[in-house]
1. Report the accessible area of L369, computed with a 1.4 Å probe over the heavy atoms of all protein chains in place, in Å² rounded to the nearest 10.
2. Relative to 2.2 N^0.38 Å, what does the C-alpha radius of gyration of segment 321-436 come to as a ratio? Two decimals please.
3. Can you compute 3J(HN,Hα) from phi for each residue in segment 382-394, using the Karplus curve 6.51 cos²θ - 1.76 cosθ + 1.60 with θ = phi - 60°, rounded to whole Hz and x for Gly and Pro?
4. Given a 1.4 angstrom probe, what's the average accessible area per residue across segment 41-95, in square angstrom?
5. Can you check what the net charge comes to around Q44, using other residues whose Cβ is under 15 Å from the Cβ of Q44 (Lys, Arg +1; Asp, Glu -1)?
6. Could you list the square roots of 5 times each eigenvalue of the Cα gyration tensor of segment 171-271, that is, the equivalent ellipsoid semi-axes, sorted largest first and rounded to whole Å?
7. Want the number for Q44 to E72: 0.36 nm per residue separation, take away the alpha-carbon distance, what's left?
8. Taking the Cβ of L394 as the center, what net charge do the other residues with Cβ under 9 Å away carry, scoring Lys and Arg +1 and Asp and Glu -1?
Amino acid sequence: MKKKMLLLNTTVLLGLGGVLSTPAYASTIQDMESQKSQIQNQRQDVQSNIKAASDELTRLQAEQDQMKAQLERLTLAEEENNKKAQKTEADIKETSKQVDQLEKEIKLLQEKLEKRNDILKDRARSMQESGGNVEYLQVLLGSSSFGDFVDRALAVSTIVDADRGILKETKNMQDELKTKQADVKSKLASLEDMKAELDEMTVQLAAQKKQKDALAKELKDKEAKNEELKASLQSKDSSLANEQSTLEQNIKDQKAAEEAARKAAEQAAKEAAKKAAEQAQKAAAEPAEKADSPSPKAAPKASSNDVAPTSAPAPKASNVVTVGNRWIGNSAYVFGGGRSQSDINHGLFDCSSFVHWAYSQVGVNLGPLGSVSTETLKHAGTQVSSSQIQPGDLVFFDTYKKDGHVGIYVGGGKFIGAQSSTGVAIANMSSGYWKQKFNGRLVRI
């Protein structure tokens, strides 16, 4: 009987142990947990790349916004320069008409003076023939031109009062017309110089705008490609997330199945133990030698293979040389610009208004802003020689006219100024274009 009970208990324990060990379940869950860990690692890499792509998009967007602002300034500067060019052309046409009119008046006057010249000659001959003083005739015949004759004749005391009046009136008219003609021609020359600079500036601005447009397109293309990359990475991350979610659900289902099997095994073990106890009691009641029956050992409980999911891994400038750096890349050249707060707010300067603004930022007043020019600035301080040049000195260049451009020397053979091709920028005056245009004038404020 003892052997019979031992065999029964052993059979129960072996059956329970086989149910609880479930090696197929453990292996499947372990594989899925490993796959889940791999997917989480892949998602971390993808999410890191997504963040890098987002950061690059942010940088490109900021660069593009800055470029758009500069393009708007250039467009505004181009419009202002075109307006000034059109006005200058209109002024040139009007001034040209004035010059033409004056030349016609002078021609008529010269014809009138020639007739008076004939009259004066006749009078001089009459005076000589009637026995008068020959000084008048000598003055007439000895003069190199009619203008020279007028000047000489006015000094001859023998000229009758009527002739003297004619000569004085003629000379006054002639002097007045010549003065007007000289003034108008000077104005015309100045306007033509201005027009030449404006034409050159318009070409440079158009080229600069074309360059900026190309750069803006390049940035836009980069942004589009980065957006595409980001979308691709997000799609991959979404796919990995779905795989991870599916694995997690499979693991959950597998663990639930394992738990159900474990409970079923426990229940079967209880029933087997109960049946064994009943049989033992029945055997004990039989008239036979009693034998100690070994107590069934408690069946080992299968441990759950729960694996915790891994978690996926936060102006103030020191001096006039540097105060203008804030406008580098953020400004545009406008002929006559920078003389209103609106222009300054938009970074629209010409060379002299930028120099005025820069010195005003360090507490130096270079005169009324509305009338500042290269002419006023070259008399604003002390003239120094080229051998004494130092940072902060004003440097002058002969561009469309003498002393037509001004900047602030920053050292190392360079100066900062508002250039028509770049807006506010640092340029090299020790070689190339600006070396050729530098006229040696230095002014120390």
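1. The value for L369 is about 50 Å².
2. Working: Rg = 13.0 Å, N = 116, 2.2 N^0.38 = 13.4 Å.
With N residues counted in segment 321-436, Rg over 2.2 N^0.38 Å equals 0.97.
3. With the stated coefficients, segment 382-394 comes to 9, 6, 10, 7, 4, 6, 9, 4, 8, x, x, 5, 7 Hz.
4. Working: 3200 Å² over 55 residues.
Using a 1.4 Å probe on heavy atoms only, each residue of segment 41-95 averages 58 Å².
5. On the way: positive: K36, R43, K51, K236; negative: D45, D237, E243.
Once positives and negatives cancel, what remains is +1.
6. Working: eigenvalues 1803, 25, 4 Å².
Semi-axis lengths for segment 171-271 are 95, 11, 4 Å.
7. Working: separation 28, 0.36 × 28 = 10.08 nm, distance 4.16 nm.
So the extension gain works out to 5.9 nm.
8. Working: positive: K378, R441, R444; negative: D393.
Neighbourhood net charge equals +2.
The values are calculated or read from the model by the stated rules, or taken from the named source; none is laboratory data. Fair warning: this is a prediction, and the values are worked out from it, not measured in the lab. Counting neighbours? That spans all protein chains shown, and the Cβs are built from the backbone with ideal geometry, glycine included. When the accessible area is computed, the model is the full protein with side chains, heavy atoms only, and any ligands, DNA or RNA have been set aside. Shrake-Rupley method; radii C 1.70, N 1.55, O 1.52, S 1.80 Å.
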